[in-house]
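Single-structure report; data block below.
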Amino acid sequence: MSENWLISADSHVVEPVDLWAKALGDKWGDAVPREVGSWQGQEGRFYFTGLEAFKLGELVDGEGELQEKLFRATEDPAVRLQCNDEDGIWAEILNATSMLYSMRIENDDLARDCCAVFNDWLIEHCSHDRKRMLGTAMIYMRDVDWAIAELERTAKGGLVQAMINCDARPTWEPYRSPAYDPFWARAEEMEIPVVLHIITGNNRDPFTLHGEERATAARVSWGVLGEAAPVLSNEFIWGGVLDRFPGLKLVLSEFEVSWLIYWIFRAEQRQESLGPALGTTGPRRPIREYMANMFHGAVDDPYIDRALGIVDPKTILWGSDFPHPRCTFPNSHAVIRKAFGNLPDDVVADITFHNAARLYDIDLPDGGRTLAAA
């Protein structure tokens, strides 16, 4: 048999620990995200996100030599590409790590500054090989005019999609508000996918729990892993965003796929029964028609086959989650065979290669998808 190149639509950089301290320290002082030597009375290497903190070693997979290799890969693009060659990854969509958490910063001006610094750094980082390293801009949505300007600036710099706060912050207008319409309109016009990713919304990530707080990690996980469902429903569908902007592309990243079976059931139930009982209106179209606007990120969801009746396989995007704790490196092909082995070969090819290539207009290798004889 032969192995084939893969494209990861959800990989991650790990930003330099002094990135924001160097760029913004004089302006913001100790409020900037940075490495700290203790947190909540515990000693160790913690990263202060601007609101919470995580342990630096916990967000990179493996131990010993493997973890050291992954850390080197996040620092040196050449090492990263070596890892990709080893694992059969042709190209990656590169998302943030620390900046995911810093989207929760409560100071809007600081959060915007952090986004701009990150975006500049990522543009430079991806310049090592723009065919194989494609970056995701971070867009803090408090100021719509700024968000549009940053969307345009980062697109000119080569970044291929825009990750926004997974949900509007509690003090903001909700995403269904017409106040955000100029941003959705510009993203639609530019054909830039808008990403909703775990961690960037209003639910806390369990890796920021420490000490006795860790006893609540299982409960907290359900919040952060399930945030897309209410946002998608209330803001983008019932809120009318996808009716006003039918060409808008949403990428639901790292939420997997099989949850959509239950979500569709409940959404249709609400549209047909509960909504009328509550006296609420909308949405304008059958729920399943809105699926055409959505792309769904999956790492190792073994139940995708059960969702294919409602999810177009050409909208599913595999990602390695490199280098995070459940990343598939260095065994991505084996993970894919185990998780997706019950799917037809052409569906697996779409999920792991062709869908991302189409969505992001990725330059493909000269030999096509085939990697090497195995």
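Touching a Leu at 6+ places or on another chain (Cβ under 7 Å) and more than 15 Å from Thr200 (Cβ to Cβ): is that true of Arg104 in this structure?
Against the criterion (touching a Leu at 6+ places or on another chain (Cβ under 7 Å) and more than 15 Å from Thr200 (Cβ to Cβ)), Arg104 does not qualify.
Mind listing just one residue for me: the one in segment 314-334 that is touching a helix residue (DSSP H, G or I) at 6+ places or on another chain (Cβ under 7 Å) and farther than 22 Å from Ile198 by Cβ and, of those, surrounded by the fewest Cβ atoms within 10 Å (Cβ to Cβ)?
Ranking the candidates gives Lys314 first.
Name the residues in segment 176-208 that are surrounded by fewer than 19 Cβ atoms within 10 Å (Cβ to Cβ) and either in a strand (DSSP E or B) or among the hydrophobic types (A, V, I, L, M, F, W, C) (or both), would you?
Within segment 176-208, Ala179, Ala185, Met190 meet the criteria.
Kindly indicate whether Lys338 is in contact (Cβ under 8 Å) with a residue 24 or more places away in the chain, of a type in the set (Lys, Arg), in contact with a helix residue (DSSP H, G or I) (Cβ under 7 Å, 6 or more places away or on another chain) and part of a helix (DSSP H, G or I).
Considered against the rule, which asks whether it is in contact (Cβ under 8 Å) with a residue 24 or more places away in the chain, of a type in the set (Lys, Arg), in contact with a helix residue (DSSP H, G or I) (Cβ under 7 Å, 6 or more places away or on another chain) and part of a helix (DSSP H, G or I), Lys338 comes out as no.
Cβ-Cβ distance below 7 Å, separation of 6 or more or different chains: which pairs start in segment 212-225 with a residue that is on the phi < 0 side of the Ramachandran plot and end on one that is of a type in the set (A, V, I, L, M, F, W, C)?
Close Cβ pairs satisfying both conditions: Thr216/Leu209; Ala217/Leu209; Val220/Leu209; Val224/Ile198; Val224/Ile199; Leu225/Ile198; Leu225/Phe255.
Name the pairs whose Cβ atoms lie under 8 Å apart, with the first residue in segment 258-282 and farther than 17 Å from Val231 by Cα, the second of a type in the set (Gly, Ala, Ser) and buried (at least 17 other Cβ atoms within 10 Å of the Cβ), and 6 or more positions between them or separate chains?
Hits for this filter: Ser258/Ala307.
Select from segment 6-26 the residues that are in a helix (DSSP H, G or I) and touching a helix residue (DSSP H, G or I) at 6+ places or on another chain (Cβ under 7 Å) and list them in ascending order.
Listed by number, the residues that qualify are Leu19, Trp20, Ala23, Leu24.
Which one of these does Glu213 not meet: (1) crowded, with 19+ Cβ neighbours inside 10 Å; (2) assigned to a helix (DSSP H, G or I)?
(1)
Give me the residue from segment 216-248 that is of a type in the set (Phe, Trp, Tyr) and under 26 Å from Glu188 (Cα atoms) and, out of that set, surrounded by the fewest Cβ atoms within 10 Å (Cβ to Cβ). Give the steps one after another, and end with the answer.
Step one: of segment 216-248, the residues of a type in the set (Phe, Trp, Tyr) are 222, 236, 238, 245.
Of the ones still in play, those that are also under 26 Å from Glu188 (Cα atoms) are 236, 238, 245.
Values: Phe236: 25, Trp238: 22, Phe245: 20.
Checking each candidate, the answer is Phe245.
Name every residue in segment 127-138 that is touching a residue at least 40 places away in the same chain (Cβ under 8 Å) and either in contact with a Leu (Cβ under 7 Å, 6 or more places away or on another chain) or over 24 Å from Ala78 (Cα atoms) (or both), in order of residue number.
Asp129, Arg132, Met133, Leu134, Gly135, Thr136 - these are the residues of segment 127-138 that are touching a residue at least 40 places away in the same chain (Cβ under 8 Å) and either in contact with a Leu (Cβ under 7 Å, 6 or more places away or on another chain) or over 24 Å from Ala78 (Cα atoms) (or both).
Assigned to a helix (DSSP H, G or I) and either of a type in the set (A, V, I, L, M, F, W, C) or farther than 11 Å from His296 by Cβ (or both): is that true of Pro276 in this structure? Give the steps one after another, and end with the answer.
Values: assigned to a helix (DSSP H, G or I): yes; either of a type in the set (A, V, I, L, M, F, W, C) or farther than 11 Å from His296 by Cβ (or both): yes.
Against the criterion (assigned to a helix (DSSP H, G or I) and either of a type in the set (A, V, I, L, M, F, W, C) or farther than 11 Å from His296 by Cβ (or both)), Pro276 qualifies.
Restricting attention to segment 148-173, and to residues there that are farther than 17 Å from His125 by Cβ and free of Cβ contacts under 8 Å to residues at least 12 places away in the same chain, which single residue is surrounded by the fewest Cβ atoms within 10 Å (Cβ to Cβ)?
So the residue we want is Thr171.
For segment 50-78, give me each residue that is surrounded by 14 or more Cβ atoms within 10 Å (Cβ to Cβ), in contact with a strand residue (DSSP E or B) (Cβ under 8 Å, 6 or more places away or on another chain) and of a type in the set (Gly, Ala, Ser).
Ala53
Read-outs: derived from the displayed coordinates by stated rules, not from any lab. Just so you know, these numbers come straight off a predicted model, no measurement behind them. For neighbour counting, all protein chains shown are included, and Cβ atoms are generated from backbone atoms with ideal geometry for every residue, glycine included.
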